[in-house]
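The structure under discussion appears below in the form of structure tokens.
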Amino acid sequence: MEKRISLVREDITKMSCDAIVNAANKTLLGGGGVDGAIHRVGGKAILKECMEIGGCEAGEAVITGGGKLQASYVIHTVGPIWRGGKNKESELLKNCYLNSLKLAVKNGVKTLAFSNISTGVYGFPKRKAAHIAISTVRDFLSTDNSIEKIIFVCFDEENYQIYKEILK
Ligand code: AR6
């Protein structure tokens, strides 16, 4: 495993790193899954900032403070909804990881935790999503020296096993 990449099976709201990456939707107003958990634990300050930002397109990312979370920031990225694979889903998912990484660097984030974007309600096949996530992060780290640690945070056992296998 690349020295700066690690893997945990955890609730991302418990992570104490500089920033965590949320799998949001275009409205940025919260929802279920990891998004719901982050807003629930992080509190109203995050929602207020999201409302001021006003929304986000698929593949893009925005940043807010971490509210009551241990993390200083939340990077909200909007994953693609899986519609069979011929609607730029892979390209958009790659952009989610890339734009989150760029935003992290811009904000001086050294330690960053990613959730498994699009692999819940949005239905992106988990193995395919994991390959995109890992290769995008690896490529990025090969040209970046500022990020010290990337943690892939899996919540479900299936994603955890897939990541473990690809990262070994
Ligand atoms: N910590 C880490 N990962 C989690 C947690 C948690 N607390 N809870 C769930 N996951 P999803 P999406 C994992 O559905 O597919 C929301 O309603 C989960 O196991 O949260 O991108 C938004 O508002 C899964 O692997 O996000 C959007 O409307 C992963 O998070 C929509 O869902 C992503 O599942 C976005 O769908």
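Every number in this text was worked out from the coordinates using simple rules, so none of it is lab data. Remember, it's a predicted structure, so these values are computed and weren't measured experimentally. Using ideal geometry, Cβ is built from the backbone for each residue, glycine included, and neighbour counts are taken over all protein chains shown.
Odds and ends about this structure:
- Among residues of segment 107-121 that are closer than 13 Å to Gly66 by Cβ, those with a beta-carbon under 8 Å from a residue that is of a type in the set (D, E, K, R) at least six positions away or on a different chain give the pairs Val109/Asp18; Thr111/Asp18; Thr111/Glu148; Thr111/Lys149; Leu112/Asp18; Leu112/Lys149.
- Set side by side, the residues Glu89, Glu158, Glu165 differ, and just one is within 13 Å of the ligand (Cβ to nearest atom), surrounded by fewer than 15 Cβ atoms within 10 Å (Cβ to Cβ) and more than 20 Å from Ile20 (Cβ to Cβ), which is Glu158.
- None of Glu57, Glu49 is surrounded by 15 or more Cβ atoms within 10 Å (Cβ to Cβ) and either within 14 Å of the ligand (Cβ to nearest atom) or on the phi < 0 side of the Ramachandran plot (or both) except Glu49.
- In segment 16-30, of all residues being surrounded by 13 or more Cβ atoms within 10 Å (Cβ to Cβ) and among the small types (Gly, Ala, Ser), the one that is nearest to the ligand (Cβ to nearest atom) corresponds to Ala23.
- In summary, Gly33 fulfils each of the numbered conditions (1) on the phi > 0 side of the Ramachandran plot; (2) under 14 Å from the mean Cα position of the chain (by Cα); (3) more than 8 Å from the ligand (Cβ to nearest atom) with the single exception of condition (3).
- Search result, residues across segment 1-28 that are hydrophobic (A, V, I, L, M, F, W, C) and farther than 21 Å from Cys56 by Cβ: Met1, Ile5, Leu7, Val8, Met15, Cys17
- In segment 113-125, residue nearest to the ligand (Cβ to nearest atom) [restricted to those that are over 10 Å from Leu93 (Cβ atoms) and crowded, with 19+ Cβ neighbours inside 10 Å]: Gly120
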